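Quick note: the coordinates plus some simple rules give every number you see, no bench work behind them. Because the structure is predicted, anything quoted here is derived from the model rather than measured. Neighbour counts run over all protein chains shown; Cβ positions are idealised from the backbone, glycine included.
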Amino acid sequence: MAVSRVDHFQGFVNRQPENELFRFSLAQALVADGRHAEAVPHFEFCAAKKADWMMARILLGKSLLHLGRRADAKPILEAALQLAIDQTHEDPERELRALLAEL
């Protein structure tokens, strides 16, 4: 039987819990399975570990929105927008502006 992506990355996280790349991959796999609530702490870990990690913040904000936690998502998405501007990532900037306009 094939190992799921979640189980695959959970194994890596179990062995190296401080590795933010393993956590990010696990969080993405959880989101792909519709398990946003389980992904949130992993995205939070990644965002806390690297102050300039825009994508971790975007995906954290989107997961929070999916969970109906708009007030929690807004400052995270605003921080991601500032990173997108600072890092000149135009597509994420456009996407974040659109998301924030709906909040």
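Restricting the search to the range 1-34, which residues are under 28 Å from residue 87 (Cβ atoms) and either out of contact with any helix residue (DSSP H, G or I) (no Cβ under 6 Å at 6 or more places or on another chain) or not in a helix (DSSP H, G or I) (or both)? Hits for the range 1-34 are 16, 17, 18, 19, 21, 28, 32. Exactly one residue among 39, 71 is out of contact with any Cys (no Cβ under 9 Å at 6 or more places or on another chain), small (Gly, Ala, Ser) and free of Cβ contacts under 8 Å to residues at least 12 places away in the same chain, and that residue is 71.
The residues of the range 50-98 that are over 15 Å from the mean Cα position of the chain (by Cα) and among the hydroxyl-bearing types (Ser, Thr, Tyr) amount to a single one, 88. Look at (1) over 11 Å from the mean Cα position of the chain (by Cα); (2) among the β-branched types (Val, Ile, Thr); (3) under 26 Å from residue 101 (Cα atoms) and you find that residue 31 fails only one, number (1).
What residue, among those in the range 1-28 that are more than 13 Å from the chain's Cα centre (by Cα) and small (Gly, Ala, Ser), is farthest from residue 64 (Cα to Cα)?
Looking at residues that are more than 13 Å from the chain's Cα centre (by Cα) and small (Gly, Ala, Ser), I get 2.
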